[in-house]
Structures are given as C-alpha cells and as structure tokens.
Amino acid sequence: MSRMNDTPIITLTTDFGLADAYVGAMKGIMLDIASDARLVDVTHQIASQDVQETAYVLYTVYRFFPSDTVHLVVVDPGVGSARRPIAARTPCGSFVGPDNGVFSYVMAEQPVGAVVELANPRYRRAQISQTFHGRDIFAPAAAHLATGIPIHQLGPSVSDPVTLPLPRLRVSPGIVNGDVLHIDHFGNVVTSIGRLVWEAEMLMLEPAFRRTGAPQASFRADEASVIAAGREIQGVHRTYAEVEPGGTLALVGSTGHLEIAMREGSGATALGLQVGDPVELRW
Amino acid sequence: MSRMNDTPIITLTTDFGLADAYVGAMKGIMLDIASDARLVDVTHQIASQDVQETAYVLYTVYRFFPSDTVHLVVVDPGVGSARRPIAARTPCGSFVGPDNGVFSYVMAEQPVGAVVELANPRYRRAQISQTFHGRDIFAPAAAHLATGIPIHQLGPSVSDPVTLPLPRLRVSPGIVNGDVLHIDHFGNVVTSIGRLVWEAEMLMLEPAFRRTGAPQASFRADEASVIAAGREIQGVHRTYAEVEPGGTLALVGSTGHLEIAMREGSGATALGLQVGDPVELRW
Amino acid sequence: MSRMNDTPIITLTTDFGLADAYVGAMKGIMLDIASDARLVDVTHQIASQDVQETAYVLYTVYRFFPSDTVHLVVVDPGVGSARRPIAARTPCGSFVGPDNGVFSYVMAEQPVGAVVELANPRYRRAQISQTFHGRDIFAPAAAHLATGIPIHQLGPSVSDPVTLPLPRLRVSPGIVNGDVLHIDHFGNVVTSIGRLVWEAEMLMLEPAFRRTGAPQASFRADEASVIAAGREIQGVHRTYAEVEPGGTLALVGSTGHLEIAMREGSGATALGLQVGDPVELRW
C-alpha cells in the first residue's frame, strides 16, 4: 500500500467548546503517539453532556469517512464514576469513548466486531485525571488504534455496552409516527422518520436504523401530509426551491430523514418545534 | 518535485456553523478521494446564505494560499434549484461552489482561465441530495481537482457565471465615496475604499478590485478626513497605537481598505455602523 | 529519523474568532513556507486582547505537544506600537508572538534557552501591515522555525521579555490563598491554587509555576475546606461523581489546580465567581 493510504484519520466529537485548550491537549497527545494521523473535528459544540445529541451527530457523519477511521467521542457526564471507557470496531470505522450510549445509533446499523474496555495501562497516560479521561484515556487509545494496535490489546471484551433507546418510529397503515430528533444550525427540524428514499415518484420508507426492523412503507409524496406543532403541512418535497422564500415545507433531508424546514428561514422557530416533539406523516 | 510540494490544499468556506456534522461529512468525503489533501477551514460562520459576505471573506484570504490551492465555498441559498454548480480556475487558485456570485470579488481581480459546470456524474456522488450539494457535488469536485483531475473533465464550459455588483467606490476630485463592506470580530468597520497604499507620506488609492478601473488618487493622510454615521474623523492613521485607548480612528487596515476602528474597542458599536452604510473620504 | 517524525507541528492561539478570514490568512502563509507543517488550533476565542487569559490557556496546553512544536500566539493589543515581536525557545517547545507577557506562565516553569526579536526582514513578509503582525511577522516566523531555521537567525537576542505578575498563591500554616484564574466552557472555576498532587490520601501542594519557589504543603483532603464567594465548601474531591448531580464541590482539576465546580452544572454561575476573585483553602 502507498503511504497516502496508510495515513489514519481520527475524528473528534466533544462538548468541550472551542474557548479552552481541552481539545488542543487531546490533539497534542494524539500527535505525540501517532504523528502521521489526520485529525478532523466533527464538532466540539455538542450541548453540554447531551449523550442523545452526540449519538445523533455521530450517526450522521461516520459513514462518510474511510472505513479505517477512528472516531473519538468525548461527551462524558459520568467521567470519574464507574462507567467504563470503551472502544468498538465495526466494518465502517472504530469508535472510542465513554460507555454511556454515544455509539448507540451507529451500533444499531453496523455489526459490531468487538467492544473492549480501555483497561490496559500501557495505552493510557501514566497519570489519570478523574475529570478528563478524554485526555488521559480516550485520546491515547484512539491514537494507538490509528497506529495499528489491535483493539483487543486495549483491554478485555465488553459484552453489554450501554445503549440508548432508539428514536421512535411507528409505522401503521397510512400513518407513521416519530419525534423531532435534531434541530440544525439553519433551524431545519430533523425527525426520526427515515430513511426516506425516492423511487420514481414514490417515497419508500426504510428503517431509520437498519436493525430496528421497522416495516417498509411507500406512498406518493404529493399526497402525503405532515402534522407537527398542531399544524398540517401538505406534501413531501425534494428541495427548498419548490416553495417560495419564507414558505414552510416538509422534505427529505440530506440524512434521508423527514425534515420540516422554512426556505431561507428557520422551520424550528416558525413552528416552535423542539427535540422530542411528536411528528406524524399521513398519506 | 518533492512530495511536500505535491500536497494539495483545500480550503473550506461555508455558512454551516460548527455544531452539526455537515462540515465533517464534506471532509470525510474529500479525504476518501484525496487522502493526502490538507484541509484548511477559512470559516463556517458566514451569516446564513449571505452571498455578499462570502464573496468578501474569500477575497480577503485566497491570495495568501499557494496557487495550486482549491477553495471550496458552500453558501448556497439556491441549492436544489436551477442554479449551476461550478468550478473556476485562476492563476491564484481554483474555486468550487454554487454559481451565485460568491466568486465575484475574486474574479474581478483575477483573470479566469476556465469556468465549468459540475455536470460529469463521474465526479459526483452516486446519490445527490437536493438539499446538500456541498457534500454530494462540491466536495467531490474539490477533492478530484486537488488530486490533479483537469478542470474540463468536470463538465462543460460556462461562459456567463453570475456576478454580484462590485462594492461602491466613486472617486471625484477631493472626495471618495464608498460603503461599509464588512464588520469584523473586533468591531473594525471595513469599507469599500481601497486598496490604499502608503508611498512616503502620501496615500495612493488603487482600485479595490483591479478590474474596476477606478482612477488612482493620492492625498496626504493627515489632511484627510472620513465622514461616516454623521460624524467626521480627522486623519488616516497607520495603526491603532496612534490614538489613545478608547479613541476612534480611521486607518488603512490589513486588507488595504480604509477602516474605521476604536482602539481596544468596537468602532462599529461606537458609531452604530452597519454593512451597506455610506462612508466618505475627503481631503 | 523517519519522515513522520520530521513533520513539524505549529499550534495557533488567538483572539481572532472564527467568523473572519484572519486565521485562514495566517495558515495560508505558513503552509506556503512550511508545506509539510501540521497546524493545530488551540483556540481563537480568547477574549479580545486578554493577555492574562492567553498566558493561562497556553500554560495548560503546551506541555502535551512534542518538544519540537512551535506555538504561535497572536493576542496583540499593542500591534503597531513599539512592543517587540519575539520568539522564545524552551526544552518544551518554541513560542512566537508579541512581547506582552503571553508567554509568562510558560517561562515561569520552563528554562528559556533563547529569546529573540523578530527583526530579520528575510523572515517577514515584504509588506508589513501595522494592524496585522500575526499575518506579516508572526506566522512567517513560526513557519520558518518549523522548517528548521535556527532561532538566532530571526533577530537579535532579547534579555528582558515582558512578564506578567504570576497568579497569587500565598501559603501560610493551614491556609492557602489564591485567586480565580479561569472559568472554563462548563463553568468550572479554576484557581491559582496548584499544582495539587495526590499521594496516598494526602494532597501535596506544589508551586503552580515551578519557579515561583512557593513552599510545599500537604493536608488530608477530606479535612480541608474551600472558602469562595462567602461560602465554605467541605472537602477536596477527586471527581464530580463523588457528589450528587447539582451539588457544588471543590476538586483537583485536570490541570492540577484546585477547582470549584457543580456536577452537571456551572460552578461559576451557581456561586457568582469571576476571574480575579479570592479563594481560600484551609485545613
């Protein structure tokens, strides 16, 4: 293999913000261990200690990286408690972080080849701060994985990683019920109703997370409507440009999930929608 | 050539913010195609869908990168509409993004060797989301350009790229009229009056954008004054330190444009200035 | 040495924010000079022109990088004045920035091998903006250092770099007095009382900055108390998980300093503490 293909990528997802040097400290330690690693920030602006949001953000992005990428996640309200530090290997990347459910949505759609507890002191820093495992346990583990250390050298197998309940997606004849899963920077409202795939003029509904096994449904998008925040929105669109600026619409977003949006505005603000609010799709 | 010089740079300028994984998804895709690319964030905090601000920010930065750099720009209110996705080649970098004017200020000062529409499906992702061309069209195109794919392989030539009106700069004897172009993080007010260049104690005014062909003017900086927000500011300075802390001043900023600033404070807040407000320079 | 180990790292710490292209301009210039450099952002969100905060943030992070790292710091209220641009070499990294005290806390714990003024025009840009030395003086110097240019080629020696007063740390029998040094993204209140090191069940107090020569003290952490904002907090803990969610506690933070925190909340908000407020540790 050429050198280029050997360059490992490590992504970073945290709730550390960008004003302190916590992220910098982790990067220094990783580059000291894996000097050739490519470090890619996913985000450091997860809402403080929000494990569900972390699981969602990671779910939207890991699939776009090469399969030998190591995804480092440090959103860790239980740091210093008995919660385990873990690493997991899948066919679509390796994952390092606290065992608190942050990998739930990935694990729901990827077969997990191995999960281990990061117990081997050889791959930790000599002194462990009980308030910053990101620096002293997770960053070294991610860097060692990137250099090619086999995952089983990091510690013993874990058979029961913590998993969050998957987002709600209930399919009945002519009705799909879900929840608001995420509100993005533009105010687009992402729901748990997905993955939606166009086939000719029909919309096919596949399970949002492959292993949920939800039944497949299909419907004509222009005859469907979405009920949210006490309002009915007609049709499911392909793009913002199908309505006028300022218009509210439902569409299939870039993650394949049903979204509620406003063209050149914030759908979340316009409709007063928040994470967890119910959304119904009818046809 | 040595390997070092072969490492292509791709810069990123978007309005995606840093809280979602949209930027991360584009980076994953680019590193999958061009594993050796150097990714440099310019900013992801362009005001949502603000094409003029994007054109300005790009104009201030592209000149400092090596000439083989690819500048990826995704500020794209018309995503999913008929607006074309394009790439442009200049002697000072290549540019990839929507055909909505974001490259206007660069094209006004650089000869454009080629502009093409990103129509070749070979250099796009197989499935195109109509809400995220950044991920499915622009990022792959930028990465392929960085690996050395000739620009004309990306699609057919475009002869009429969209251009924004250039910022106002009207030169009369003893008076130059312009507008507020940008307000930076510190509250410095950047105007369209530039480029100003010191020659001995004289200030020479060159056109802000080379191809506007505005006439050259020269004046003694200490005898000039700036009128903005109904206020007259005496003299054009070289640096903040020439006034007391808290003092308001006009000076030649780091982009070569006339700026209005407050030493150790915000000129924009002090004077209540906003983008688009008129500014007059007299001498 | 292998090529991997030759890759120099340059870190960046500024108050430029992320919305403008100032950071991008510095990166373009550095990669033009040192195309193989690894650029790592520490933060660009230092409070505008806050030299003390800069000194603190740099102090918390430089130690985690390889010893050949170049740390570029641009928080520069005196840009364009007579303040000198400098570079300093220590066994734990090189440092480039304005001579205004930003390196004080590093220099207080590292022997300084050389300090030079960045006066050699060969290692500056040809035109120097008097408002952006970061781009025209500091970034080129950092990049040239990263390529292996000896520090003494950058300019003449400086024997009297500016130093900030070190944070207060007064040790009396049974009492240590200090100040709030920093409040982080989570609202954790970092004090100047450090470095605290656990030895068995005893806490050893070492000088926060090695060369201050403050006396060493030791005490039982569970018999100690912390007085801040008119409130007494019992005990010094090892981790947040030792109190209930919402509980206020004192603990040894990841920098080794005494911190005041709230589990799953903001200690700074709960107690109304600000940088500079006095904190007392008793036992």
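The values are calculated or read from the model by the stated rules, or taken from the named source; none is laboratory data. Predicted model, so just to flag it, every value in this text is computed and none were measured. Glycine gets a Cβ as well: all are built from the backbone with ideal geometry, and neighbour counts include every protein chain shown. Side chains are part of the model used for accessible areas, which takes the heavy atoms of the whole protein and leaves out ligands, DNA and RNA. Shrake-Rupley method; radii C 1.70, N 1.55, O 1.52, S 1.80 Å.
Structure notes:
- FRET efficiency, B:ASP68 to A:GLU117 (Cβ-Cβ, R0 45 Å, nearest 0.05): 0.45
- Highest-MSF residue in chain C out of C:GLY101, C:GLY230, C:GLY194 [GNM, Cα springs under 10 Å]: C:GLY230
- At q = 0.09, 0.10, 0.19 Å⁻¹, base-10 log of I(q)/I(0) for the stretch A:1-129 (Debye sum, equal scatterers on each alpha carbon): -0.25, -0.30, -1.20
- Maximal additional length on extending the A:SER81-A:SER157 stretch stands at 25.4 nm, based on 0.36 nm per residue less the C-alpha distance.
- Rounded to the nearest 10 Å², the accessible area of C:HIS237 at probe 1.4 Å: 40
- Distance in nm between pseudo-label sites at C:ARG282 and C:ARG220 (7 Å out along the Cβ direction from Cα): 1.8
- Per-bin percent of Cα-Cα distances, the stretch C:169-282 [5 Å]: 2, 13, 26, 27, 19, 10, 3, 0
- Only Cα pairs under 8 Å and 6+ residues apart enter the sum, and on that basis the relative contact order of the stretch B:195-275 stands at 21 percent.
- Computed across chain A, the Kirkwood radius stands at 20.1 Å (inverse of mean 1/r, all Cα pairs).
- Taking θ as phi - 60° and the Karplus parameters 6.51, -1.76 and 1.60, the scalar couplings of the stretch A:234-241 work out to 7, x, 10, 9, 9, 7, 4, 5 Hz in sequence order, x denoting glycine and proline.
- Amide H to amide H, with H built 1.01 Å from N, C:ASP41 comes under 5 Å of C:LEU12, counting only residues 5 or more places away or on other chains.
- The three principal axes of the Cα atoms in the stretch A:114-219 give end-to-end lengths of 58, 31, 25 Å, sorted in falling order.
- Per the Cα gyration tensor, the stretch A:61-111 maps to an equivalent ellipsoid with semi-axes of 21, 10, 9 Å, ordered largest to smallest.
- Percent accessible area from carbon and sulfur atoms, chain C, protein chains only, probe 1.4 Å: 49
- Helical content of chain A, expressed as a calculated mean residue ellipticity at 222 nm, amounts to -4000 deg cm²/dmol (DSSP H runs of 4 or more residues, -39,500 (n - 2.57) each, divided by residue number, nearest 500).
- In Hz, Karplus ³J(HN,Hα) per residue of the stretch B:107-117 (6.51, -1.76, 1.60; θ = phi - 60°; x = Gly, Pro): 5, 6, 10, 10, x, 9, x, 6, 10, 10, 8
- Taking the square roots of five times each eigenvalue of the Cα gyration tensor of the protein assembly as shown, the equivalent ellipsoid has semi-axes of 40, 40, 26 Å, listed largest first.
- Heavy-atom accessible surface of the stretch A:65-182, averaged per residue, reaches 35 Å², computed with a 1.4 Å probe.
- Residues whose amide H falls under 5 Å from that of C:VAL279, counting only those 5 or more places apart or on a different chain, are C:GLY178, C:ASP179, C:VAL180, with hydrogens built in the peptide plane.
- 3J(HN,Hα) from dihedral phi, the stretch A:71-83, Karplus parametrisation 6.51/-1.76/1.60, rounded to Hz, x for glycine, proline: 9, 9, 10, 10, 10, 9, x, x, 3, x, 8, 7, 4
- A/C buried area, accessible surface, summed, 1.4 Å probe, Å²: 2700
- Over the stretch C:59-149, the reciprocal of the mean inverse Cα-Cα separation, the Kirkwood hydrodynamic radius, stands at 13.3 Å.
- Rounded, prolate or oblate (a/c below 1.5 giving rounded, otherwise prolate when a/b exceeds b/c) for the stretch A:92-135 by Cα gyration tensor: prolate
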